[in-house]
Every structure is written in C-alpha cells, then in structure tokens.
Number of protein chains: 2
Amino acid sequence: MARHRDYSKIEQIFESTLKLVLEKGFAGLKMAEVAKESNLATGTVYIYFKDKDDLINQLYLFLKRRKTILFLQGIDQKEEFDLVLKKIWFAYFEVTMQHVNESAFLEQYYRSPFLKSNVKEESKQILKPIYDLLGRGVVEGKLQTVNVEILLSQMVGPIHEIIRAYHDGAIEINAETMNQLYLLVMKGIKL
Amino acid sequence: MARHRDYSKIEQIFESTLKLVLEKGFAGLKMAEVAKESNLATGTVYIYFKDKDDLINQLYLFLKRRKTILFLQGIDQKEEFDLVLKKIWFAYFEVTMQHVNESAFLEQYYRSPFLKSNVKEESKQILKPIYDLLGRGVVEGKLQTVNVEILLSQMVGPIHEIIRAYHDGAIEINAETMNQLYLLVMKGIKL
DNA sequence: AAAATTAATGAACAATTATTCAATCATCCA
DNA sequence: TGGATGATTGAATAATTGTTCATTAATTTT
C-alpha cells in the first residue's frame with residue numbers, strides 16, 4: 001500500500017520491550033535489542049516512537065489502561081455488600097495474577113528516570129473501586145471501624161505477597177489456596 | 001600516613017549510590033554522579049570498587065546484611081508463642097519501615113542485569129525466623145491450619161502495603177495505626 | 001626535612017548505545 | 001506498467017557514560 005500505520009507493529013514493539021525489561025530490567029534495555037526482538041530494523045522503532053523515553057512512557061500507559069479496564073469489568077457496586085466484596089477481591093487477585101509481569105514493569109517504572117509526575121496520581125485509580133467499597137462497608141457497619149487504608153492493606157497486601165511467593169516457586173496457587181487466603185483476610189476485616 | 005584504606009569513604013560511596021538509585025533508578029545511575037555526590041573524583045571510586053557491577057553487588061550485600069542483623073537481634077524463639085509472634089511482627093514492621101529506601105533498592109536489584117544467581121537463595125533467609133515461628137504456631141494449634149506461605153502472606157503482606165501507602169502520603173503511621181493493623185492481621189490468622 | 005609510599009585527581013580515552021538519514025523496498029493508482 | 005508515496009532498512013554518526021592512568025597531593029618514614 002503506502003499502507004496505513006500498522007498497529008500490530010506497535011503492539012509487537014510493546015511486547016518485546018516488556019519482555020526485555022522483565023528479563024534484564026530498565027538498566028539493560030537497548031533500542032537495538034527491542035528492534036531485533038521485534039524483527040525490525042532499529043530505525044523502524046523510531047518511526048513508531050519518538051525516542052526511548054517515549055517508548056517506555058507509551059508502554060506504561062498501555063499496560064496501565066489495559067489492566068484497569070480488565071479489573072473494572074464485571075464489578076457492579078449496586079449488589080449486596082458481601083457479594084461485591086468477594087467478587088472484587090477475587091477479581092483483583094486474578095487480574096494481578098495474570099499481569100504479574102506487567103506489575104513488575106510498572107513497579108520499576110515507578111522508580112525510574114522516566115516517570116512523569118502526572119501519572120503518579122492516575123496510578124491510584126485502579127484501587128478506587130476497592131477503596132469506595134471499603135468505605136461503604138465501614139458506614140454500613142459491616143467492617144471494622146478503622147482507617148480505610150488499613151483495611152485496604154489487609155485486603156490487597158496478602159494478595160501481592162502470595163503471588164510473590166508463587167513466583168519464587170514457594171507455593172501453588174489454585175482455587176483452594178485462594179479460598180483459604182480469602183477466609184483469613186475476611187476474618188480479619190469483618191466485624 | 002600512606003594511610004590505611006579509609007572505610008568511611010566506602011560507606012560514603014554506598015550512601016551516594018543508594019541515594020542516586022532511589023532518585024533515578026538503576027537505569028539512571030552514573031559513576032561520575034556517584035563520585036560527585038561523594039565529593040570524590042571519578043577515578044577514586046575505582047580505587048575502592050573494581051567497576052560499576054562490583055559497586056552495585058557490594059552495596060547489595062552490605063544492605064542485606066545490615067537489615068538481617070537488625071531484624072534478628074532481640075528475637076528469642078524460646079519465649080511464649082503469642083509474645084514471640086507479637087515481637088517478631090513489630091520488629092519486622094519497624095525494620096521494614098526504617099529501611100524502605102533500601103528495600104526499594106533491593107527490589108530493583110532483584111530484577112536487574114546485576115543479579116548474581118547465588119544471592120537469590122540468601123535473600124529468603126531474612127524471613128526464616130518468621131517462617132519457623134508460623135510452623136510452630138500451627139503445630140501448637142494456635143494458628144489456622146493452612147499452608148505456612150498463606151499465613152506468611154497474611155503476616156507481612158499488609159505491612160508492606162501500609163508502608164507503601166505511607167510513602168504515597170495516604171496515611172500516618174504511628175503506634176495506633178500499627179496496633180490496629182496488628183489486631184486485624186492476628187484476628188485473621190489465629191484460631 | 002627529604003625521600004618514599006600511598007591516595008586522589010580528572011582529563012583523555014574506550015566502549016557502549018541512542019539516533020539519524022540516504023538508500024531501498026513495497027504498495028498503490030493513473 | 002511506471003511513477004508516486006509512504007514504509008523500512010541498517011550502516012554511519014552522535015551522544016553518553018564507563019574506565020584508565022600520568023600527574024599531583026597527602027602522609028609516613030628514616
């Protein structure tokens with residue numbers, strides 16, 4: 001053609017970049033390698049992204065949005081409290097689990113020379129639904145009356161931790177594991 | 001003198017390196033900046049460390065050892081179970097809290113081209129005392145009978161999470177905060 | 001206090017890696 | 001089909017950053 005911009009190429013570059021960052025960290029990321037991993041010439045990467053900085057920032061936003069959308073779908077705060085709480089806890093577990101790789105990227109991005117100040121605030125948005133729900137739980141007298149941040153820590157902290165253990169090969173994660181952890185967590189925060 | 005090697009200089013370099021990594025991540029760490037931050041000429045850094053790789057690995061070991069020693073002191077597994085559990089939980093909280101900066105460094109090191117395979121195993125050692133204690137708790141019938149990894153996640157996950165919230169400026173951490181979280185966590189895992 | 005020894009300096013050099021762009025290729029359309 | 005348009009290439013270049021080492025400074029020894 002003079003074919004239109006091929007967006008699958010952008011996604012290919014994203015995928016390669018993510019893979020390389022996970023393997024070697026930000027410090028080891030080289031544009032030439034990104035190109036090679038994407039089966040492209042180095043110059044081609046610069047057609048789709050202004051420079052390395054741009055590539056990394058675009059990738060961050062791409063991953064962040066994808067994760068947020070995925071998490072929010074299927075959550076309906078109108079339903080009965082205990083049910084919503086359960087759904088949201090498992091949804092967070094599953095999304096986090098399926099996107100651990102990305103999480104590692106996001107973590108590193110957070111402490112890097114690339115971080116743009118405006119994204120910091122946006123980052124918290126993904127937790128907003130949980131935040132709101134916990135507030136509601138306190139008001140409705142269904143949860144311990146402590147600071148919502150404390151409840152949140154108890155909700156998601158163990159999830160992060162068990163997924164880490166999983167990646168260190170210390171534990172299997174299956175329906176039973178998840179349920180057991182869920183019960184412990186709920187036992188802690190419910191009134 | 002021909003004075004003996006000045007170890008305060010090594011510590012100065014460590015401190016500068018840590019500071020710079022926390023500010024800009026591994027990707028942004030420059031030997032020239034390390035030197036400048038330490039009020040030394042670039043060449044001087046190479047007197048004390050073979051190269052950049054060496055500097056980073058030495059720093060990792062230095063921080064890891066310091067943290068481990070600090071955590072282990074004052075823990076005596078011979079005492080009564082509930083007391084040890086409480087002491088160890090607060091000790092872990094305090095050490096983690098006081099060394100968040102270092103933790104951020106250690107995390108980044110963990111996913112970087114610098115990671116030496118042998119340190120991976122050593123890394124888990126710091127959690128060993130907690131691990132052992134939880135095992136004992138299950139045996140003595142004082143804790144929920146689930147996989148120790150699950151108990152561990154519930155123990156330390158919320159700690160990591162609340163400290164993160166603290167660093168995002170979302171919450172104060174004081175004796176009350178800590179106690180409230182402690183109670184939630186224990187409510188969850190105790191029988 | 002001069003000679004000897006060790007530490008420190010920082011500009012010069014080497015190595016690595018980001019970026020550009022003239023040349024080539026692929027596709028479209030008249 | 002041939003010229004026009006836009007995409008792709010990758011070697012050449014620019015920029016950055018790690019490392020060295022001849023020189024200078026500091027300290028110790030005799």
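The values are calculated or read from the model by the stated rules, or taken from the named source; none is laboratory data. All values derive from a computational prediction rather than experimental measurement. So basically every Cβ, Gly included, is an ideal-geometry build from the backbone, and we count neighbours across all protein chains shown. SASA here: full protein model, heavy atoms, side chains in, ligands and nucleic acids out. Shrake-Rupley method; radii C 1.70, N 1.55, O 1.52, S 1.80 Å.
Taking B:Asp76 as meeting all but one of (1) part of a helix (DSSP H, G or I); (2) within 28 Å of B:Lys190 (Cα to Cα); (3) open to solvent by 30 Å² or more (accessible area, probe 1.4 Å), write down the number of the exception.
Here B:Asp76 meets the rest and fails (1).
Quick test for you: out of A:Val95, A:Val45, pick the one residue that is in contact (Cβ under 8 Å) with a residue 24 or more places away in the chain, in contact with a helix residue (DSSP H, G or I) (Cβ under 6 Å, 6 or more places away or on another chain) and within 23 Å of B:Glu107 (Cβ to Cβ).
Numbers: A:Val45 fails: within 23 Å of B:Glu107 (Cβ to Cβ).
Residue meeting the stated conditions: A:Val95.
Can you pull out every residue in the range A:21-62 that is assigned to a helix (DSSP H, G or I), at pLDDT 95 or above, within 23 Å of B:Ser112 (Cα to Cα) and more than 9 Å from DNA strand C (Cβ to nearest atom)?
A:Lys36, A:Glu37, listed by residue number.
Of the numbered conditions (1) on the phi > 0 side of the Ramachandran plot; (2) at pLDDT below 85; (3) within 14 Å of DNA strand D (Cβ to nearest atom), A:Gly74 satisfies every one except a single condition; which is it?
With (1) on the phi > 0 side of the Ramachandran plot; (2) at pLDDT below 85; (3) within 14 Å of DNA strand D (Cβ to nearest atom) applied to A:Gly74, the lone miss is (3).
I'm trying to understand the selection: among the residues of the range A:39-67, which are open to solvent by less than 10 Å² (accessible area, probe 1.4 Å) and closer than 18 Å to A:Glu102 by Cα?
A:Leu55, A:Ile56, A:Leu59, A:Tyr60, A:Leu63 - these are the residues of the range A:39-67 that are open to solvent by less than 10 Å² (accessible area, probe 1.4 Å) and closer than 18 Å to A:Glu102 by Cα.
Looking at B:Phe62, B:Phe71, B:Phe93, B:Phe49 in this structure, which one is within 16 Å of B:Ile13 (Cα to Cα) and within 15 Å of the chain's Cα centre (by Cα)? Outline the logic, then answer.
On the way: B:Phe71 fails: within 16 Å of B:Ile13 (Cα to Cα); B:Phe93 fails: within 16 Å of B:Ile13 (Cα to Cα); B:Phe49 fails: within 15 Å of the chain's Cα centre (by Cα).
Step by step, each of B:Phe62, B:Phe71, B:Phe93, B:Phe49 is checked, and only B:Phe62 is within 16 Å of B:Ile13 (Cα to Cα) and within 15 Å of the chain's Cα centre (by Cα).
At least 1 residues that are within 8 Å of another protein chain (Cβ to nearest Cβ), at pLDDT 85 or above and buried (at least 17 other Cβ atoms within 10 Å of the Cβ) in each: list the helices (runs of 4 or more DSSP H) lying fully within the range A:91-191 that qualify.
Because the criterion is at least 1 residues that are within 8 Å of another protein chain (Cβ to nearest Cβ), at pLDDT 85 or above and buried (at least 17 other Cβ atoms within 10 Å of the Cβ), the helices (runs of 4 or more DSSP H) in the range A:91-191 that meet it are A:148-167, A:175-189.
Between a first residue in the range A:27-39 that is within 14 Å of chain B (Cβ to nearest Cβ) and under 18 Å from B:Gln108 (Cα atoms) and a second residue that is more than 6 Å from DNA strand C (Cβ to nearest atom) and open to solvent by 40 Å² or more (accessible area, probe 1.4 Å), which pairs have beta carbons less than 8 Å apart while being 6 or more apart in sequence or on different chains?
A:Ala27/B:Ala27; A:Ala27/B:Pro113; A:Gly28/B:Pro113; A:Leu29/B:Ala27
Look at A:Phe81 and say whether it is within 14 Å of chain B (Cβ to nearest Cβ) and away from DNA strand D (no atom under 16 Å from the Cβ).
Spelling it out, it is not the case that A:Phe81 is within 14 Å of chain B (Cβ to nearest Cβ) and away from DNA strand D (no atom under 16 Å from the Cβ).
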